[in-house]
Amino acid sequence: MTPQLSRRHFLRATGSLIALPALKSLGFRAFAAERIVARPKRMIFLGLGFGVTQETWFPDLNQPGTEYTLPDGLAPLARHKNSLSVVQGLSNQYSKDAHWGSTFWLTGANRFAEAGQSFHNTISVDQVAAQTLGKETRHSSIQLNGADPNIDGQGHGPGLSLAWNAAGKPMGGLNSPVLLFHRLFSEENMSLEKRQAMLAQNRSVLDAVLTDAKKMQRNLTKTDNDKLNEYFQSIRELETRIAKGEQWLGVPNPKAPFPEPSESLRGREEVKLMYDLMAAAFQADSTRVFTYRQPIETLIKSLGIKVAAHDMSHYAPGERMEASQLRDRSQSELLAGLLDKLQAAKEPDGTSLLDHTCVVYGSNLRSVHTLDNCPTVVAGRGAGVKLGHNLVLPRNTPLCNLWLTLLRGVGVEAERHGDSSGVIKEMIA
């Protein structure tokens with residue numbers, strides 16, 4: 001008879017116990033399959049300019065919970081209703097600028113916090129997340145900026161993207177799908193030896209500059225020291241980038257999943273392709289944090305809308321309101337397409353990317369330049385929050401409470417963020 005063996009059996013010899021190896025007869029394969037391996041967490045922040053159409057975007061406040069009707073502006077997301085929640089009642093107490101839908105959206109900062117300065121910002125939530133989630137990827141985070149700086153009236157406000165570094169300075173963003181494609185998938189033409197030499201040279205220059213700057217610091221005023229500390233922050237960021245470059249030397253970029261896109265894409269097709277590239281980047285694990293400051297003027301032009309974006313934001317019943325509503329539906333259709341991609345992409349354990357990704361879609365502006373009840377959609381199961389809900393929170397709940405909740409949900413140990421007063425307990429699953 002074949003003895004009944006289990007993985008708990010040991011070999012006994014001269015009073016000692018020696019564990020058996022991983023034999024198939026002991027059910028090792030089944031045991032290994034039972035183990036749950038934690039998949040990486042990922043975050044995407046999608047920022048809108050000029051907010052949404054108040055009358056047709058927000059769910060009814062009298063329908064909190066799961067039994068609510070998706071309004072017209074969010075209707076294209078119906079197939080993902082159980083994978084997202086609409087969060088109402090959030091605001092940033094310091095936001096007073098009616099054209100700045102992005103500048104303080106992810107920071108919650110008070111622009112007048114520094115005496116004698118008319119503008120001050122702090123680190124954005126994506127960069128806090130990147131400090132933890134970006135440790136193991138080629139790119140700690142990737143910033144995208146679809147808002148053309150040469151076009152006025154984008155509704156985003158100052159900044160080069162949605163992201164702000166630890167010193168509260170704007171971080172640049174890639175402004176086309178072509179640039180993102182090459183960042184993610186293009187082959188490195190420079191030889192390994194030349195790249196090594198360049199990184200070594202850059203590190204040598206940084207070391208020398210840092211030494212000189214520290215010697216100078218002893219004789220500076222407080223104001224000048226503050227400026228120098230901002231400079232040191234920039235140096236630290238360069239050091240991090242150099243270290244990343246050294247870490248990934250000799251590791252080729254992943255193979256592109258589709259051909260290089262056309263440089264002529266604008267508006268709706270541009271946003272769609274950016275979303276496709278985000279999903280592809282997550283599949284390749286090239287980065288785990290994205291921000292995207294979305295285009296407005298080019299988007300509405302691609303939809304055949306003749307009204308200017310700023311004029312549309314001051315809508316009233318008629319052409320302007322219809323244009324605003326069309327913009328809302330189109331953006332929701334694009335978001336649904338991104339969620340489709342994340343749901344279809346499978347992880348090694350059979351789960352989907354959407355199971356491990358937190359997608360936030362919204363703005364610091366509500367509607368017609370109103371700054372309370374910031375439009376907010378949270379999708380994906382990456383942060384462990386309740387989904388399928390119309391979450392109606394007390395009015396003027398700090399927007400930064402949401403960021404703190406999501407940070408902790410993806411495993412980032414944050415005490416607070418911006419003006420947060422705590423996590424949103426109603427959101428925790």
Return the only residue of ASP349, ASP328, ASP355 being in contact (Cβ under 8 Å) with a residue 24 or more places away in the chain, under 22 Å from ASN145 (Cα atoms) and acidic (Asp, Glu).
-> ASP328
Going through (1) modelled with pLDDT under 95; (2) in contact with a Leu (Cβ under 9 Å, 6 or more places away or on another chain); (3) not charged (D, E, K, R) one by one, GLN117 fails only at (2)
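Kindly evaluate THR132 against the criterion of being part of a loop (DSSP other than H, G, I, E, B), farther than 16 Å from GLN294 by Cβ and of a type in the set (Ser, Thr, Tyr). Show your work before the answer.
Values: part of a loop (DSSP other than H, G, I, E, B): no; farther than 16 Å from GLN294 by Cβ: yes; of a type in the set (Ser, Thr, Tyr): yes.
Criteria not met by THR132.
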Hits in region 37-74 (condition: among the β-branched types (Val, Ile, Thr) and assigned to a loop (DSSP other than H, G, I, E, B)) | VAL37, VAL52, THR53, THR66, THR69
Of a type in the set (Asp, Glu), more than 17 Å from the chain's Cα centre (by Cα), modelled with pLDDT of 95 or more and buried (at least 18 other Cβ atoms within 10 Å of the Cβ) - does that describe any residue in region 331-351?
-> no
Over region 414-429, the set of residues touching a residue at least 12 places away in the same chain (Cβ under 8 Å) and farther than 11 Å from VAL125 by Cβ is ARG416, ASP419, SER421, GLY422, VAL423, ILE424, GLU426, MET427, ILE428, ALA429
Cβ pairs under 8 Å, 6+ apart or interchain, first in region 161-174 and assigned by TED's automatic domain parsing to the domain that holds ALA113 and more than 15 Å from ALA129 (Cβ to Cβ), second assigned to a loop (DSSP other than H, G, I, E, B) and of a type in the set (D, E, K, R), ordered by first then second residue, are none
Positions within region 373-426 being of a type in the set (Ser, Thr, Tyr) and not in a loop (DSSP other than H, G, I, E, B), in sequence order | THR376, THR397, THR405
State the number of residues belonging to region 283-299 that are surrounded by 23 or more Cβ atoms within 10 Å (Cβ to Cβ) and β-branched (Val, Ile, Thr).
-> 3
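Going through ALA379, ALA323 one at a time, which residue ends up being assigned by TED's automatic domain parsing to the domain that holds ALA129, of a type in the set (A, V, I, L, M) and out of contact with any His (no Cβ under 7 Å at 6 or more places or on another chain)? Break it down into steps so the answer makes sense when it comes.
Numbers: ALA379 fails: out of contact with any His (no Cβ under 7 Å at 6 or more places or on another chain).
Among ALA379, ALA323, only ALA323 is assigned by TED's automatic domain parsing to the domain that holds ALA129, of a type in the set (A, V, I, L, M) and out of contact with any His (no Cβ under 7 Å at 6 or more places or on another chain).
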Within region 242-349, helices (runs of 4 or more DSSP H) holding 3 or more residues that are small (Gly, Ala, Ser) | 268-284, 319-344
Tell me, please, whether a residue that is part of a helix (DSSP H, G or I) and hydroxyl-bearing (Ser, Thr, Tyr) can be found in region 78-89.
-> yes
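The values are calculated or read from the model by the stated rules, or taken from the named source; none is laboratory data. This one's a predicted model, so the numbers in the text were calculated from it and none came from an experiment. We place every Cβ from the backbone using ideal geometry, glycine too, and count neighbours over all the protein chains shown.
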